[in-house]
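The values are calculated or read from the model by the stated rules, or taken from the named source; none is laboratory data. Computed from a predicted model, the values in this text were never measured in an experiment. Cβ atoms come from the backbone with ideal geometry, glycine included; neighbour counts cover every protein chain shown.
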């Protein structure tokens, strides 16, 4: 079996352009799908896939570790998030091919199921961009939380942290704490709440915010500081009584290594479409397991990424909870036929071979590339650039 072509299919889903990657083989009808969605970098990802193509055509897609090493090491320049995202999509597609060729779901190739279902959560607004990232008033916050619960979720994530300068002051802290208090009172103790700081805050400000909501017991606070400095993350972790999560902006085991060795967080959040793919995510999870860390994979991406995450979650012992954003566009499952079923806030194991996904390329062409909404262009009141 040999790879004969690698193609990209871009689908505009309003908030993001999904980047699907199709790896074709010399066996009639045997191909695989992966996803390399990366906001505001669509053209870079499709170009990077083209750059990898000459390295891979003619090789056996079942040699997944070997192909990963070819892409990573033969690039010479160490790859950043664009390179590892393109790699991830190709790697996922190779797992899809391998599973189809053997007639088994991918999770069986990863060691088999260690659980019977996968707990999931979603965001306020379920994919509507301003609802996800800009719910700063209690009324809409509670309304959107109830809408998520009515969909069957028993856990939700909120991004209610103000756009904060190095130190923002008491009014912002009090408003943030008030929002969290009202949300907890509205949803009750049975619903888990995760608070995504989105890297908006400094070390000192993050500590102030988290201490102000400790009594409301968030499941975890995510990315309280930007990802460049694990020492700052460790200071936050040691200063608060709430579990800390991070990892969506880290790629490969080497970027996660220091976070793990320092024990700078409690929960790792690799994104299977960014970190290097399924096998690399398993290595990251295994490293985290050594330090008693849970894994809650990042995934606000498209439907192929959902399936890849599901197979990973089913086979990973220290998995905690899975992010999804199934409500982003109403035609999501017109473009992709997916073996994805849910009940009572959980995804259920797929049974189809490979990832269990098929792209309707004719439907996909109805949603061609468009420039995404530049939602991340945020500024402080004095005109300085804010962390989105």
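Would you be able to tell me the number of residues in region 151-169 that are out of contact with any strand residue (DSSP E or B) (no Cβ under 9 Å at 6 or more places or on another chain) and at pLDDT 95 or above?
0
Going by the conditions given, is residue 5 more than 19 Å from residue 274 (Cβ to Cβ), in contact with a strand residue (DSSP E or B) (Cβ under 6 Å, 6 or more places away or on another chain) and either at pLDDT 95 or above or surrounded by fewer than 15 Cβ atoms within 10 Å (Cβ to Cβ) (or both)?
Numbers: more than 19 Å from residue 274 (Cβ to Cβ): yes; in contact with a strand residue (DSSP E or B) (Cβ under 6 Å, 6 or more places away or on another chain): yes; either at pLDDT 95 or above or surrounded by fewer than 15 Cβ atoms within 10 Å (Cβ to Cβ) (or both): yes.
Against the criterion (more than 19 Å from residue 274 (Cβ to Cβ), in contact with a strand residue (DSSP E or B) (Cβ under 6 Å, 6 or more places away or on another chain) and either at pLDDT 95 or above or surrounded by fewer than 15 Cβ atoms within 10 Å (Cβ to Cβ) (or both)), residue 5 qualifies.
With respect to residue 121, is the statement that it is closer than 27 Å to residue 329 by Cα and assigned to a strand (DSSP E or B) true?
Working: closer than 27 Å to residue 329 by Cα: yes; assigned to a strand (DSSP E or B): yes.
Judged against the criteria, residue 121 is a match.
Only one residue in 276, 294 is at positive phi and modelled with pLDDT of 95 or more. Which one? Spell out how you get there, then give the answer.
Working: 294 fails: at positive phi.
Within the list 276, 294, the selection yields 276.
Working only within region 109-159, note down all residues that are in contact (Cβ under 8 Å) with a residue 60 or more places away in the chain and under 13 Å from residue 192 (Cβ atoms).
Matches in region 109-159: 119, 120, 121, 122, 153, 154, 155, 157.
Among the residues of region 15-30, write down those that are surrounded by fewer than 24 Cβ atoms within 10 Å (Cβ to Cβ) and over 12 Å from residue 369 (Cβ atoms).
Our first condition is that a residue be surrounded by fewer than 24 Cβ atoms within 10 Å (Cβ to Cβ); within region 15-30, this holds for 15-16, 22, 24-30.
Result: 15, 22, 24, 25, 26, 27, 28, 29, 30.
With region 206-302 as the region, which helices (runs of 4 or more DSSP H) entirely inside it contain at least 3 residues that are in contact with a strand residue (DSSP E or B) (Cβ under 7 Å, 6 or more places away or on another chain) and more than 29 Å from residue 354 (Cβ to Cβ)?
Working: elements: 230-239, 252-262, 278-290.
Passing ranges, in order: 230-239.
Looking at region 353-378, I want the residues that are free of Cβ contacts under 8 Å to residues at least 40 places away in the same chain and have a partner that is assigned to a loop (DSSP other than H, G, I, E, B) with Cβ atoms under 8 Å, at least 6 apart or on another chain. Which pairs are those?
Pairs found: 363/331; 377/388.
What's the total number of residues in region 152-201 that are outside any loop (DSSP other than H, G, I, E, B) and under 20 Å from the mean Cα position of the chain (by Cα)? Talk me through it step by step, then tell me what you get.
Let us first name the residues in region 152-201 that are outside any loop (DSSP other than H, G, I, E, B), namely 155-158, 170-187, 192-196.
From what's left, under 20 Å from the mean Cα position of the chain (by Cα): 155-158, 192-196.
Residues in region 152-201 being outside any loop (DSSP other than H, G, I, E, B) and under 20 Å from the mean Cα position of the chain (by Cα): 9 in total.
Working only within region 130-150, note down all residues that are in contact with a strand residue (DSSP E or B) (Cβ under 6 Å, 6 or more places away or on another chain) and closer than 29 Å to residue 385 by Cβ.
132
Pairs only if they're at least six apart or on different chains, beta carbon under 8 angstrom, first in region 334-346 and on the phi < 0 side of the Ramachandran plot and not assigned by TED's automatic domain parsing to the domain that holds residue 309, second part of a strand (DSSP E or B) and surrounded by 13 or more Cβ atoms within 10 Å (Cβ to Cβ); list them, first residue then second.
Sorted first by the residue in region 334-346, then by its partner, the list stays empty.
Conditions: (1) in a loop (DSSP other than H, G, I, E, B); (2) touching a residue at least 12 places away in the same chain (Cβ under 8 Å). Residue 52 meets all but one. Number of the miss?
(1)
Which of the residues belonging to region 336-355 are outside any strand (DSSP E or B) and out of contact with any strand residue (DSSP E or B) (no Cβ under 6 Å at 6 or more places or on another chain)?
Residues of region 336-355 that are outside any strand (DSSP E or B), as a first pass: 339-341, 344-345, 348-353, 355.
Matches in region 336-355: 339, 340, 341, 344, 345, 348, 349, 351, 352, 353, 355.
Any idea which of 363, 358, 375, 370 is outside the structural domain of residue 133 (by TED's automatic domain parsing), part of a helix (DSSP H, G or I) and surrounded by fewer than 17 Cβ atoms within 10 Å (Cβ to Cβ)?
Numbers: 358 fails: part of a helix (DSSP H, G or I); 375 fails: part of a helix (DSSP H, G or I); 370 fails: part of a helix (DSSP H, G or I).
Criteria check complete, one pass: 363.
Kindly evaluate residue 208 against the criterion of being at pLDDT 95 or above, crowded, with 19+ Cβ neighbours inside 10 Å and over 25 Å from the mean Cα position of the chain (by Cα). If you could, list the steps in order and put the result at the bottom.
Numbers: at pLDDT 95 or above: yes; crowded, with 19+ Cβ neighbours inside 10 Å: yes; over 25 Å from the mean Cα position of the chain (by Cα): yes.
The answer is yes for residue 208.
Does at least one position in region 95-113 carry a residue that is more than 23 Å from residue 9 (Cβ to Cβ) and under 17 Å from the mean Cα position of the chain (by Cα)?
no
Of all the residues that make up region 119-151, how many are under 18 Å from the mean Cα position of the chain (by Cα) and surrounded by fewer than 19 Cβ atoms within 10 Å (Cβ to Cβ)?
The number of residues fulfilling the criteria is 2.
Within region 12-42, work out how many residues are in contact (Cβ under 8 Å) with a residue 60 or more places away in the chain, within 16 Å of residue 86 (Cα to Cα) and either touching a helix residue (DSSP H, G or I) at 6+ places or on another chain (Cβ under 7 Å) or not in a loop (DSSP other than H, G, I, E, B) (or both).
Here the count works out to 15.
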